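Data block below; observations after.
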Amino acid sequence: MGAGLALRMRIPHRSRWSIASWDGGAARPIPGRDEASLAERLPDDLRGTAAGLRLGSSFSPLYRTGTEFAAELSNQTVHGVLHLAWVDRGHGRYQGQMAVYVKPRGRLGRQYMAFIAPFRHWVVYPALLRQIERAWQARRSR
């Protein structure tokens with residue numbers, strides 16, 4: 001885990017915000033929905049494609065294909081989805097794309113997300129993409 005991401009995971013604990021207890025989607029419904037996980041909405045061909053995959057993080061895998069991966073997290077602050085994809089640019093070139101979708105839980109969740117937005121966009125996401133790129137390059141060089 002990159003230094004920026006590691007720091008991001010500690011901020012709530014240092015500030016005594018128990019709202020960021022990373023519980024991997026435990027039984028809280030998605031804001032505005034009845035379901036607790038998006039796994040319940042997956043089409044049949046994607047169900048179970050990430051079974052047994054362990055991330056070592058706060059995200060729970062949803063699905064995995066040859067070019068896509070999605071995982072979700074749920075805590076007292078937000079329900080979020082991380083989507084990663086390899087986009088074929090032709091001639092053996094690929095571009096990684098990342099999207100993060102977040103539904104805050106209530107006013108405190110909205111305030112928390114607004115507070116950490118600059119840090120997420122300027123530190124966490126770039127660090128995460130660099131980490132993925134290094135892993136991809138290491139895999140290609142083998």
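Side notes on the structure shown:
- Solvent-free Debye scattering, log10 I(q)/I(0), computed from the Cα coordinates of the range 28-117 at q = 0.15, 0.18, 0.21 Å⁻¹: -0.66, -0.88, -1.07
- By accessible area with a 1.4 Å probe, ligands and nucleic acids excluded, highest first: order of Glu40, Glu35, Glu68: Glu40, Glu68, Glu35
- Pair Arg107, Arg139: separation of 7 Å Cα→Cβ label points (nm): 4.5 nm
- Loop-located trypsin sites (Lys or Arg not before Pro) in the range 38-84 whose Cβ has at most 14 other Cβ within 10 Å (DSSP): Arg47, Arg54
- The stretch between Trp86 and Leu53, if pulled fully straight at 0.36 nm per residue, gains 10.0 nm over its current Cα-Cα span.
- Evaluated with a Cβ-only charge set (Lys, Arg +1; Asp, Glu -1), the range 43-142 carries a dipole of roughly 320 debye about its Cα centre, given to the nearest 20.
- As computed over the range 58-108, the Cα convex hull volume per residue (Å³): 71 Å³
- Where labels lie 7 Å past Cα in the beta-carbon direction, separation of Met98 and Leu42 in nm: 2.1 nm
The values are calculated or read from the model by the stated rules, or taken from the named source; none is laboratory data. No experiment lies behind these values; they were computed from the predicted model shown. Counting neighbours? That spans all protein chains shown, and the Cβs are built from the backbone with ideal geometry, glycine included. When the accessible area is computed, the model is the full protein with side chains, heavy atoms only, and any ligands, DNA or RNA have been set aside. Shrake-Rupley method; radii C 1.70, N 1.55, O 1.52, S 1.80 Å.
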